[in-house]
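What follows is one structure encoded as structure tokens, with my remarks underneath.
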Amino acid sequence: MPQIRTLELFLTVARTGSFVAAGAQVGLSSAAVGLQMRALEQELGRPLFQRGPRSVQLSQQGQAFIAHAKDLVTRWASISEVPQAQDLQGTVQVGALVSALMGQFADALWDIKRQYPALEVHLFAGLSATFFGQVERGELDAAVVAQPPERESAGMTWSPLYSEPMVLVVPRKPHFELPSQPMDMLRNCPFLRFDRQTWTGVLVERAIEQCGVAVRNELELNSVEAILALVRQGFGISIVPKLRNINWSRDSQLQLITVPRISVQRHVGLLERIQHPRQRFTAAIKQYFDYPTP
């Protein structure tokens, strides 16, 4: 069965007669609206629209489907009606970096779930760049991601939640000779590099540039957790974000070193569309981190 939000989007398209106009109302691009409507047609096994160069018209089958869509949306609204204005209910789809789930964002979710037990959160772990497209297309309500290296596209907004300095991590029991000075470590030890195609990888590159050394690349990975696991086993060193809410001093297998030359920080924030139906949830996340909300 199609999701309720897809049916709501269908009714918006039917009312406005345009993917562009419907997208403007709900905070989606016209391409994202078109993809969702095509998926709805495939799921129903019938064409709902007659597409023109600048507008769309409902097909005969689309006209017949309006009544069914309205009925389903109305009934769902009565089922999910919020008994108290201050309550958060329903389902939200949220993406998050795995490293964010290891840090303070997990505390934020736990706190919000305790306040609003009727709220159901579907959580997806992944990479910042992947989440950007999913949020833009409306597949996710929001995502906790590193700050985009470029400005967000129209209809999207990123709100900072917290920052993590970039630090050098080295094993306490290395399988190689470990110099005493950080710059010598970077020059001579096997380096586990964060994937340069990712947003976090761009920040690691900047940190290496600030150090002014050429590192010995050993492996390239797209996960902070995987890098830390290999460092703990003594296979190399790395530069990674100092994840929030982790007691680094109690880690018996790796050592964290602050390098004075490195001023780069990874800023973690909430990516969402400017307009979307789950803004009360995203406002609660931002309020937890003391980010001002309108």
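Rounded to the nearest 10 degrees, the angle from helix 4-16 to the longest Cα principal axis of the chain is 60 degrees. Roughly what % antiparallel, to the nearest 5, for the DSSP beta bridges in the chain? That works out to approximately 60 percent antiparallel. Taking each DSSP H run with n ≥ 4 as -39500 (n - 2.57) and averaging over every residue of the chain yields -12500 deg cm²/dmol at 222 nm. Scan the chain and hand back the longest stretch that contains none of the GluC sites (Glu not before Pro) lying in DSSP loops with at most 13 other Cβ atoms within 10 Å. With a cap of 13 other Cβ atoms within 10 Å, the longest stretch comes to 178-294.
Treating r as the C-beta distance of Val202 and Gln42 and R0 as 45 Å, the FRET efficiency rounds to 0.75. Applying Stokes-Einstein at 25 °C and 0.890 mPa s to the Kirkwood radius of the range 164-266, computed over alpha-carbon pairs, gives a translational diffusion coefficient of 184 µm² s⁻¹.
Exposed loop trypsin sites (Lys or Arg not before Pro) only (DSSP loop, at most 14 other Cβ atoms within 10 Å): please give the longest stretch of the chain free of them, not including the sites.
55-150
When Lys and Arg each count +1 and Asp and Glu each count -1, what net charge do the other residues less than 12 Å away from Val73, Cβ to Cβ, add up to? Around Val73, the surrounding residues sum to +1. Each Lys or Arg adds one and each Asp or Glu subtracts one; over the other residues with Cβ under 15 Å from the Cβ of Gln61, this totals +1. Take the Cα of Ser30, step 7 Å toward its Cβ, do the same at Arg114, and the gap between the two points is 4.8 nm.
As a proxy for reagent exposure, ranking His175, His267 by other Cβ atoms within 10 Å from fewest up yields His175, His267. With everything on Cα atoms, drop me the angle between helix 199-211 and the longest principal axis of the chain, reported from 0 to 90° to the nearest 10. Computed tilt is about 30 degrees.
Assuming 0.890 mPa s and 25 °C, estimate D for the chain with Stokes-Einstein, Rh taken as the Kirkwood radius over Cα pairs, in µm²/s. Diffusion coefficient, whole number: 114 µm²/s. Between the helical axis of 279-288 and the longest alpha-carbon principal axis of the chain there is an angle of about 30 degrees. If you take all other residues with their beta carbon under 13 Å from the beta carbon of Ser252, and give Lys and Arg +1 and Asp and Glu -1, the sum is +3. Remark: Ile227, Ile4 ranked as Ile4, Ile227, counting other beta-carbon atoms within 10 Å and listing the fewest first.
We did not get these values from a lab; they are worked out from the coordinates using the rules stated. Note that the coordinates shown come from a computational prediction; the quantities given were computed from them, not determined experimentally. In this analysis, Cβ positions are derived from the backbone assuming ideal geometry, glycine residues included, and neighbour counts consider all displayed protein chains.
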